[in-house]
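Report on the following structure.
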Amino acid sequence: MERRTRVRFAPSPTGPLHMGGVRTALYNYLYAKRNGGDFILRIEDTDSHRFVPGAEEYIIEALRWCGIFPDEGVDADGKVVETPSPRHPHAPYRQSQRKPIYRKYAETLVENGYAYYAFDTPEELEAARAGAEAAKETFIYNQVTRLRMRNSLTLPSDEVERLLEETTAWTIRFKMPEDTVVKMDDLIRGHIEVNTSTLDDKVLWKRADELPTYHLANIVDDHLMEISEVIRGEEWLPSLPLHFMLYKAFGWEDTMPRFAHLSLLLKPVGNGKLSKRDGDKMGFPVFPLKWVNPEGETSRGYREDGYFPEAFVNMLAMLGWNPGDDREMFSLDELVEAFSLDKVQKAGAKFNPEKAKWYNREYLRLKSDEELAELFTPVLEEHGINVVGCPKCALTAGAEFNVAGGDLDKRIFTKEYVRSVIAFTKERATFVSDFWTIASYLFVTPEEFVQKDVDKFWKPENVELVLKVRDFIKEYDGPWTTEAVGTAIEEYIKGNEWPMGKVMNALRLALAGSSSGLGIADIIYHIGKRETVRRVDRAALM
């Protein structure tokens with residue numbers, strides 16, 4: 001009978017979820033959906049000393065923002081799942097709530113000769129390390145040194161029984177076999193062989209806090225939850241031989257999951273893993289959402305920086321995977337359809353912050369003007385702009401809309417006005433917030449003029465021509481459309497044989513506060529005839 005695909009994402013709540021972690025979750029999710037299986041979210045919180053309040057909630061919220069919802073596990077139904085049910089047969093999904101499960105498995109390994117009790121105190125371990133260092137060696141608790149340490153392999157059985165009863169400072173360590181070649185296969189990296197002489201006897205369970213280490217809990221939970229593939233980061237590759245040996249020690253070879261280790265996300269420049277420091281230095285986030293640590297330090301997030309979740313997900317998917325063709329734009333459903341592990345690269349993927357912006361820009365352009373206008377409205381409101389869906393209601397409040405639908409004096413604008421601004425500025429924007437940077441002077445009168453533009457273009461001879469253009473606009477009675485107004489102004493300037501560039505740059509400076517920016521006709525159409533005349537008159541006083 002063919003095994004059902006079941007994969008898991010199992011983060012530790014020790015801080016914010018790095019974008020590399022989000023990519024791991026995404027690849028697991030895509031693999032599960034592509035193969036008609038289940039995606040499970042499990043929280044591995046056995047390290048109580050590193051637990052950070054709010055981290056688990058952050059993980060859940062980040063995945064939800066990305067559109068990644070677990071079929072089973074923590075918060076799959078929007079609530080905490082603590083007891084087994086048909087929907088969640090393997091609950092609970094926090095390892096700290098599964099504490100009673102692990103000790104019996106650790107004890108089974110001891111009984112069968114695959115593990116042993118170790119009673120070494122921290123002071124004794126430190127002394128062993130110091131002795132090795134003095135001999136210019138590296139201390140490793142392994143098949144050689146374990147016979148010189150205090151454990152159930154070297155102590156009399158009655159002493160072992162006494163220490164188990166009377167002390168709590170003991171652990172259970174895996175007994176790594178001597179000089180054995182561990183042969184493994186990785187779905188991404190191929191065949192791997194490691195000799196056990198290079199490995200240490202890892203701690204599996206700690207009596208002091210009655211908790212397992214990652215290695216034991218990970219293997220036991222993956223087995224009990226019937227995980228078919230373990231897709232995780234490259235940093236866990238050194239643990240693969242131990243995990244293979246644990247499956248064999250438990251007699252679970254037939255249900256052992258297949259393993260796939262994803263490459264790292266790399267710095268934009270130089271070598272090494274992408275870190276928060278790289279983001280701080282180069283001005284980009286490395287976390288999906290904003291994070292405030294217990295000390296009050298804030299880290300930027302892609303969501304708060306204005307990225308669309310679909311752009312973030314698309315960008316992440318392409319960091320280390322390709323569809324086999326030249327496509328770059330994928331919806332989540334399209335990623336599911338195209339994804340396969342054989343197209344995941346072995347080498348690390350270098351992150352390019354400009355490519356992240358490119359993706360957001362492309363997704364922004366795919367959105368309708370109406371949707372972008374809705375998204376831009378809160379930005380306008382933050383700047384004291386009132387957007388109304390009912391022009392007649394605004395009129396009764398004293399608003400006097402121009403042809404485009406704006407009242408700049410009262411800072412009241414119709415939704416149609418905002419949509420119109422979006423329509424002709426969309427190609428310039430990367431983020432929704434950019435619309436304010438690009439077109440704020442279509443909503444408020446500029447308070448300042450760019451001095452270098454003033455020095456260059458606001459010369460007496462140009463001012464004289466701009467004032468004549470002002471008079472022309474004031475008397476203009478043709479159609480009030482962008483095209484008609486733009487054509488009329490150009491023909492007027494050309495008809496008088498004035499220098500087009502100088503006049504236009506000076507006119508834009510008067511209207512927008514800068515000589516660069518939107519087209520003259522677009523500006524005049526939106527702010528209206530009265531505001532155009534008023535801004536030129538104001539500029540003439542400089």
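So that you can scan it fast, the table gives a plain yes or no per residue for (1) over 23 Å from Asp434 (Cβ atoms); (2) acidic (Asp, Glu); (3) touching a strand residue (DSSP E or B) at 6+ places or on another chain (Cβ under 9 Å):
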| residue | (1), (2), (3) |
| --- | --- |
| Gly495 | yes, no, no |
| Trp498 | yes, no, no |
| Lys502 | yes, no, no |
| Ala506 | yes, no, no |
| Ser514 | no, no, no |
| Gly517 | no, no, no |
| Ile520 | no, no, no |
| Lys529 | yes, no, no |
| Asp537 | yes, yes, no |
| field | the range 336-366: number of residues that are surrounded by 15 or more Cβ atoms within 10 Å (Cβ to Cβ), over 17 Å from the mean Cα position of the chain (by Cα) and touching a residue at least 24 places away in the same chain (Cβ under 8 Å) | value | 7
| query | When you go through Glu304, Glu362, Glu310 one by one, which is the residue that is at pLDDT 95 or above, over 22 Å from Arg232 (Cβ atoms) and assigned to a loop (DSSP other than H, G, I, E, B)? | reply | Glu304
| query | For Asp201, which of the numbered conditions (1) touching a strand residue (DSSP E or B) at 6+ places or on another chain (Cβ under 7 Å); (2) outside any loop (DSSP other than H, G, I, E, B); (3) surrounded by 21 or more Cβ atoms within 10 Å (Cβ to Cβ) fails to hold? | reply | (2)
| query | Based on what the data block shows, is Val74 over 16 Å from Val220 (Cβ atoms) and either of a type in the set (A, V, I, L, M) or surrounded by 16 or more Cβ atoms within 10 Å (Cβ to Cβ) (or both)? | reply | yes
| request: Say whether the condition of being closer than 30 Å to Ile385 by Cα, in contact with a Leu (Cβ under 9 Å, 6 or more places away or on another chain) and touching a residue at least 60 places away in the same chain (Cβ under 8 Å) is met by at least one residue in the range 470-482. | output: yes
| message | Residues that are modelled with pLDDT of 95 or more and assigned by TED's automatic domain parsing to the domain that holds Ala506, at least 2 per element: which helices (runs of 4 or more DSSP H) completely within the range 411-489 meet that? | response | 451-457, 460-475
| message | Taking the condition of being over 12 Å from Phe119 (Cα atoms) and outside any strand (DSSP E or B), how many residues in the range 166-189 meet it? | response | 9
| request: Could you grab the pairs with beta carbons closer than 6 Å, sequence gap of 6+ or different chains, first residue in the range 317-329 and under 16 Å from Gln345 (Cα atoms), second one part of a loop (DSSP other than H, G, I, E, B)? | output: Gly320/Ser263; Gly320/Gln345
| task | Mind telling me which of the residues Gly519, Gly513, Gly495 ends up being at positive phi and either surrounded by fewer than 21 Cβ atoms within 10 Å (Cβ to Cβ) or modelled with pLDDT of 95 or more (or both)? | result | Gly513
| said: Taking the conditions exactly as written (of a type in the set (S, T, N, Q), surrounded by 14 or more Cβ atoms within 10 Å (Cβ to Cβ) and either over 26 Å from Leu341 (Cα atoms) or over 25 Å from the mean Cα position of the chain (by Cα) (or both)), does Ser239 satisfy them or not? | reply: yes
| field | Checking Ala423 against (1) small (Gly, Ala, Ser); (2) crowded, with 17+ Cβ neighbours inside 10 Å; (3) within 30 Å of the chain's Cα centre (by Cα); (4) closer than 24 Å to Ala521 by Cβ, the condition it does not meet | value | (2)
| said: Can you say whether Asp186 is at pLDDT 95 or above and among the acidic types (Asp, Glu), as far as the supplied structure shows? | reply: yes
| request: Kindly indicate the residue of the range 80-116 that is in a loop (DSSP other than H, G, I, E, B) and aliphatic (A, V, I, L, M) and also surrounded by the fewest Cβ atoms within 10 Å (Cβ to Cβ) among those meeting that condition. | output: Val80
| remark: A careful count of residues in the range 17-49 that are outside any helix (DSSP H, G or I) and either within 16 Å of the chain's Cα centre (by Cα) or buried (at least 19 other Cβ atoms within 10 Å of the Cβ) (or both) gives 11
| task | Could you grab the pairs with beta carbons closer than 6 Å, sequence gap of 6+ or different chains, first residue in the range 499-524 and assigned by TED's automatic domain parsing to the domain that holds Ala423 and within 13 Å of Leu467 (Cα to Cα), second one in a loop (DSSP other than H, G, I, E, B) and of a type outside the set (D, E, K, R)? | result | none
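Residue by residue, here is whether (1) touching a Gly at 6+ places or on another chain (Cβ under 6 Å); (2) within 30 Å of His49 (Cα to Cα); (3) of a type outside the set (Ser, Thr, Tyr); (4) not assigned by TED's automatic domain parsing to the domain that holds Asn28 holds:
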position: Phe139; (1), (2), (3), (4): no, yes, yes, yes
position: Thr145; (1), (2), (3), (4): no, yes, no, yes
position: Met184; (1), (2), (3), (4): no, no, yes, yes
position: Ile219; (1), (2), (3), (4): no, yes, yes, yes
position: Ile231; (1), (2), (3), (4): no, yes, yes, yes
| message | Can you list residue pairs whose Cβ atoms sit under 7 Å apart, with the first residue in the range 282-308 being on the phi > 0 side of the Ramachandran plot and the second being of a type outside the set (Val, Ile, Thr)? Count only pairs 6 or more apart in sequence or on different chains. | response | Gly306/Phe431; Gly306/Ser433
| message | Just to check your reading of the model, which residue among Thr121, Thr83 is closer than 21 Å to Glu44 by Cβ and modelled with pLDDT under 95? | response | Thr83
| query | Is it the case that Leu375 is surrounded by 14 or more Cβ atoms within 10 Å (Cβ to Cβ), closer than 17 Å to Leu26 by Cβ and touching a residue at least 24 places away in the same chain (Cβ under 8 Å)? | reply | no
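The values are calculated or read from the model by the stated rules, or taken from the named source; none is laboratory data. Note that the coordinates shown come from a computational prediction; the quantities given were computed from them, not determined experimentally. Ideal geometry is used to build each Cβ from the backbone, glycine not excepted, and the neighbour counts take in all protein chains shown.
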